[in-house]
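> Pasting in a structure now, in structure tokens, and then I'll have a few things to ask.
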Amino acid sequence: MGRGGALIAGALAVLAASVPAAAETPEGALFVAGKRGNTLSKVDLATGAEALRVPSCTNPHELATSPDGKHVALACYGGTSIDIFRTDTLEKVRSIDLGANARPHGIVWQQDEELGRDTIYATAEGRKAMFVVDYPLGEDPDILEIPTGKDGSHMIAVSPDGAFACTMDMGSGTVTLIEVMDARALRSAAVGVEPEGIALAPDGKTLWVSARGSDTVFALDPMTLDIRAEVPTGRFPLRIAVRPQGDVAVTSDLQDGSLSVIDTATAKVIRTILVSSPAEAEKRFQVTILWSKDGERIYVAETASDTVAEVDYAAGTVLRRFTAGEGGDGMAILP
């Protein structure tokens, strides 16, 4: 090979090294709540095919898988219960009633390894409350209701140790901090215009809130609820999710059909990932976003088109679209 050929080969090698490699096809399963069809679906991530679909409660929304991966919990937004299904067969094994007019929505499932105790945390919009359910699969689950005193307590984030939780109160336009052990709301703070998305950094030190009416993300001190930074995003950032590695947060910008990638250290948008064109955005109506456990992929629920987009984070491209019930919204993942 001549000098020119060697230079070209070297340049091509450098270029190839600079382009992020696409992630390998993942194993595991994705669970999707179909809020229009009243169903729960299981998608095989290896094949991209919908493996199972079963009837659920009315208007199902958010989902959370158990720490051991054997169960998935569903918030029955059109009713009063948290329903729990086996992840292998989608057989319903338990329904935990939260009381009249509960309308549970946001849900988190965590485990206290020292106590050997599982706990489900869920918002209940109709009761202006958050529920804490210890031992949800035990013979007699321990159910605690903690009032938020705010309208539309919609989404929820929980500290890694379960000591506190924050609810996103859409009706009141506030975030509320709840001290779990003392079962009381400590304080609330107004954040932006029409705040909806909420996520806590993996280390529990920063609370991220997306305000869809402000086209802005706010970084908050999770204990004082003081605003540390404001980050302009794409249009209508409906939800926000922090990568498991903690380095970035991503918003689902519904009106743009894009994802804004925020560096959590600098609180600045560093990339925009196009999931669909702005012209397609209304037809797809992207809502919930979910990271894979390894942080390599982002799953985007496209509620109007009954699809879920799988996005390669490094390459910033849509790899596949899955079909999973009518009006797919809430999602949970099984590694």
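The values are calculated or read from the model by the stated rules, or taken from the named source; none is laboratory data. These numbers were taken from a predicted model, which means no experiment stands behind them. As a convention, Cβ positions derive from the backbone with ideal geometry for all residues, glycine included, and neighbour counts pool all protein chains shown.
> How many of the residues making up region 209-228 are in contact with a Lys or Arg (Cβ under 9 Å, 6 or more places away or on another chain), part of a strand (DSSP E or B) and surrounded by fewer than 22 Cβ atoms within 10 Å (Cβ to Cβ)?
Looking only at that region, the number is 1.
> Right, something else. More than 30 Å from V261 (Cα to Cα) and not small (G, A, S): which single residue out of L207, L200, L186, L177 fits that description?
Result of the check over L207, L200, L186, L177: L186.
> Right, here's the next one. Could you check, for region 187-208, whether at least one of its residues is surrounded by fewer than 16 Cβ atoms within 10 Å (Cβ to Cβ), modelled with pLDDT of 95 or more and assigned to a strand (DSSP E or B)?
yes
> If you don't mind, there's one more thing I want to ask. Suppose we keep only residues that are among the aliphatic types (A, V, I, L, M) and closer than 17 Å to S159 by Cα within region 74-130. Which one would you say is surrounded by the fewest Cβ atoms within 10 Å (Cβ to Cβ)?
Selected residue: L115.
> Name the residue, out of G257, G330, G325, that is free of Cβ contacts under 8 Å to residues at least 40 places away in the same chain and either crowded, with 20+ Cβ neighbours inside 10 Å or closer than 17 Å to A29 by Cα (or both).
G257
> So is V308 among the hydrophobic types (A, V, I, L, M, F, W, C), buried (at least 23 other Cβ atoms within 10 Å of the Cβ) and touching a residue at least 60 places away in the same chain (Cβ under 8 Å) or not?
yes
> Read through the list (1) over 23 Å from T39 (Cβ atoms); (2) assigned to a strand (DSSP E or B); (3) of a type in the set (S, T, N, Q), then give the number of the only condition that T123 fails.
Here T123 meets the rest and fails (1).
> I'm told S277 meets every condition in (1) under 23 Å from F322 (Cβ atoms); (2) touching a residue at least 24 places away in the same chain (Cβ under 8 Å); (3) hydroxyl-bearing (S, T, Y) except one. Can you identify the failing condition by its number?
Checking S277 against (1) under 23 Å from F322 (Cβ atoms); (2) touching a residue at least 24 places away in the same chain (Cβ under 8 Å); (3) hydroxyl-bearing (S, T, Y), the one that fails is (2).
> Would you pick out the residues in region 126-157 that are part of a strand (DSSP E or B) and over 21 Å from A241 (Cβ atoms)?
A129, F131, V132, V133, D134, D142, I143, L144, E145, I146, P147
> Of the residues A190, A199, only one is within 19 Å of G162 (Cβ to Cβ) and out of contact with any Cys (no Cβ under 8 Å at 6 or more places or on another chain); which?
The unique qualifying residue is A199.
> Let me ask you something else. Would you be able to say whether some residue in region 90-104 is in contact (Cβ under 8 Å) with a residue 40 or more places away in the chain, within 16 Å of L334 (Cα to Cα) and in a strand (DSSP E or B)?
no
> Hey, can you tell me all the residues within region 234-286 that are part of a loop (DSSP other than H, G, I, E, B) and among the β-branched types (V, I, T)?
Matches in region 234-286: T264, T266, V275.
> Next up: Count, please, the residues in region 24-64 that happen to be in contact with a Lys or Arg (Cβ under 6 Å, 6 or more places away or on another chain) and not in a strand (DSSP E or B).
Total satisfying the criteria: 2.
> In region 209-223, is there at least one residue being modelled with pLDDT of 95 or more, farther than 18 Å from K150 by Cβ and of a type in the set (K, R)?
No.
> Next question. Please specify each residue of region 287-323 satisfying the condition of being among the aromatic types (F, W, Y) and outside any loop (DSSP other than H, G, I, E, B).
The answer is W291, Y299, F322.
> Still on this structure, I have one more. Suppose we keep only residues that are over 16 Å from T123 (Cβ atoms) and hydroxyl-bearing (S, T, Y) within region 187-219. Which one would you say is farthest from the chain's Cα centre (by Cα)?
Step by step, filter region 187-219, then rank; the result is S214.
> Name every residue in region 159-186 that is surrounded by 13 or more Cβ atoms within 10 Å (Cβ to Cβ), under 18 Å from the mean Cα position of the chain (by Cα) and assigned to a loop (DSSP other than H, G, I, E, B), in order of residue number.
Answer for region 159-186, where residues must be surrounded by 13 or more Cβ atoms within 10 Å (Cβ to Cβ), under 18 Å from the mean Cα position of the chain (by Cα) and assigned to a loop (DSSP other than H, G, I, E, B): S159, G162, M170.
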